[in-house]
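The next block holds one structure in the form of structure tokens; read it before the comments.
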Amino acid sequence: MRVLPFITASSPTDMIQKPSSVRVEKTPPRQYNGGMADKYSVLKDVFGYETWRRGQEDVVDALLGGRDVLAVMPTGAGKSLCYQIPALLLPGISIIVSPLISLMKDQVQALRESGVAAAFINSSLSYNEYLETMRRARAGAYKMIYIAPERLLQGGGVYSLIEGLDVPLVVVDEAHCVSHWGHDFRTSYMQIAPFIKSLPGRPVVATFTATATERVRVDIESALELENPFCITTGFDRPNLYFAVEKPENKMRSLKKHLQRLKAGSGIVYCSTRRHVEDVCEELAAEGFAATRYHAGLAPEERRRNQDDFIYDKKTIMVATNAFGMGIDKSNVSFVIHYNMPKNVESYYQEAGRAGRDGSNAECILFYSFEDVKTNEFLIEKSVEESGASEQKEYNLELLKQMTFYATATDCLRERLLAYFGEKPSNYCGACSNCMTQFESVDITIDAQKIISCVYRLKQRGRRFGKMMIIQILRGSRNAKIVNEKLDSLSVWGIMKDSSERAVRGVIDFLVLNGYLALSDGDFPSLVETEKSGEVIFDKKPLDMMLPKEEAASKAIPAAASGGAPAEAADLFAKLKSLRSALAAEARVPAYIIFADATLNAMCRKLPRTNAAFLEVPGVGAVKAEKYGQEFIRVIREYVAENNDLASREIS
């Protein structure tokens, strides 16, 4: 394996394009680690990019300037480069604390493919492999070492490793795991601050997460004892992601329909329980879909095997609980479908965000049903019983309520997501199912009066009920409970018999969302009136609700089946993808480690036929160009020769 000489010498590029798209002259190279490399030449020579993504350069400058960092950057925003570039430029060995074995493996494989010496220390290493890694680390063979947080426990081998070593930088990935208020708290993360204190000299500390509310950000800064950190939130918007919510009558039928449409891509189907995972995976496999499964109830060996099958594209569909995914660096996930609604918006955003990591178009589809709400309430209760953290029950139920509001909204879904994280987007995104469906304003005043009147009538009888019972009363059900309690004698019984259950539920959700009704606290929340209820009943306030036109066809952005390549280059993309698969099999790494789909897409646009042109493709660094350039150039030349009209131009 050739290792780039940037540690001791470099050939910096002449120009660099800043994020503003204004080309500026490079500043003179600075001395780092005894060599002439600087952040620009590392960005280009090692990672193959000439431009920074939003926030990257600011974070790099802060770390090189010796300042702690707290960075909230969405999945696919290039967080890794933010710490990998400083780690390569600073002297000594940088430590990256990472929560999952799969993430460490991916990151280290990708770095090695780019000519960077890196290693990981976790439970996947044999004892001899562990000893050899430790020996090489002490000898200064690596610039970065990825370590599981569990390895930071006092008395572990990591302490003997760092003794006498220069550790200029400690990176904490998935930093929200340190917060009790985060959606994925891990006790092992509490070992990080003591570990940092144990180092001979305090390093710069960099923390990264894709999802964190203000409360979680405060927790991160406090728990990890950051000193005057440079805080940056680059924005949560992922323009390449299409968001959709569906309320299918038959989830399995809808799932199969989507998977058939998306069969050229690779994706994840999230389920709320192990039982759902088993049932969904079994039915998909029986229908001929290349599906596998992942949940905490499987044997470790099967989990590893199934994960590898997905990572290496042997299986294109992963059916999983939320036990799967954090730290999965698979860049060619073109869709994420939630078969069940998650417990909170943060979990949903992180799980959905595993699609389109390389910038290609991808779809994030959420199936919603009222049963999902009840299942999540049960899971929250169970979690409280197991942990004893009763103070979090109310907090988690509020988060579930916010998630339910998202799933039942008729306004822009992207706006809902971004507003949750404190951003103020425009009212129309053009890339969600609500914005891309034809909606019309419908007067629901009479229906709202009927529903609120039902709640009042029940209150007069000293009774409270949840949504389902209210719907049954309004639609004229004669089930045993209604008959036994003589609820069929109410003046509002059957008053909405001509409306579907779905339509009545939609209006109820609208009333709750807008404060005209509320859900009570407790194990079985009931619909209750609010101060605003009287505006509808007594003041006759008119209410309008946005509803999709019955015949409006839902539109969706194209899935990333062709990697976002130009239509006229679809054949070339397929050829490059096939070549990449063969090279990946030979190197025993996932295909996206060789080149991401976005890089293949750029090759299809630029049609590089020389070494110099190949180096100009985003994502192609010096080492990868040397290793793979001739093979890819050969395929591109052959394609251009077969398509004479392309010989004198790039595909735009």
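Since every read-out is calculated from the coordinates, none of them should be taken as a lab result. Computed from a prediction, not measured in an experiment: that's the story for all the values here. We place every Cβ from the backbone using ideal geometry, glycine too, and count neighbours over all the protein chains shown.
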(Q) Could you tell me how far the Cα centroid of the stretch 260-332 sits from the Cα centroid of the stretch 226-254, in Å? (A) 20
(Q) Among 354-367, 311-324, 593-606, 612-625, how do they line up by average Cβ neighbours within 10 Å per residue, starting with the highest? (A) 354-367, 593-606, 311-324, 612-625
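Roughly how big is the chain's charge dipole about its Cα centre, with Cβ charges of +1 (Lys, Arg) and -1 (Asp, Glu), in debye to the nearest 20?
600
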**Q.** Loop sites in the stretch 215-248: GluC sites (Glu not before Pro), DSSP, at most 11 other Cβ within 10 Å
**A.** Glu227
Q) Label 7 Å along Cα→Cβ of Thr51; the stretch 615-635 residues with amide nitrogen under 19 Å? A) 615-621
(Q) Take Lys257 and Glu529, extend 7 Å from each Cα along the Cα→Cβ direction, and tell me the distance between the two endpoints in nm. (A) 4.1
Q: Scan the stretch 123-220 for GluC sites (Glu not before Pro) in coil per DSSP, keeping those whose Cβ has at most 12 other Cβ atoms within 10 Å, and list them by number.
A: Glu163
Q) For the stretch 95-111, what does the Karplus curve 6.51 cos²θ - 1.76 cosθ + 1.60, with θ = phi - 60°, yield as ³J(HN,Hα) per residue in whole Hz, taken in order and with x for Gly and Pro? A) 9, 10, 8, 9, x, 10, 4, 4, 5, 4, 4, 4, 5, 5, 4, 5, 5
Q) With +1 on each Lys and Arg Cβ and -1 on each Asp and Glu Cβ, how big is the dipole of the stretch 440-548 about its Cα centre, in debye rounded to the nearest 20? A) 560
Q) For the stretch 241-437, what mean projected area does the convex hull of the alpha carbons give, in nm²? A) 11.4
**Q.** Long-range HN-HN contacts of Thr207 with modeled amide H, under 5 Å
**A.** Val69, Leu70, Ala71, Val172
Q | DSSP-loop trypsin sites (Lys or Arg not before Pro) across the stretch 54-93, with at most 15 other Cβ within 10 angstrom | A | Arg54
Q) Given that just one value was derived from the coordinates, which of (i) 26.0, 81; (ii) 27.4, 88; (iii) 37.8, 111 is Rg and Dmax of the Cα atoms in Å? A) (ii)
Q) What is the Cα centroid distance between the stretch 397-456 and the stretch 578-646, reported in whole angstrom? A) 44
Q: Anything over 23 Å Cα to Cα? Flag those among Lys330/Lys575; Lys263/Lys627; Lys481/Lys540; Lys374/Lys401; Lys263/Lys575, in the order listed.
A: Lys263/Lys627; Lys481/Lys540
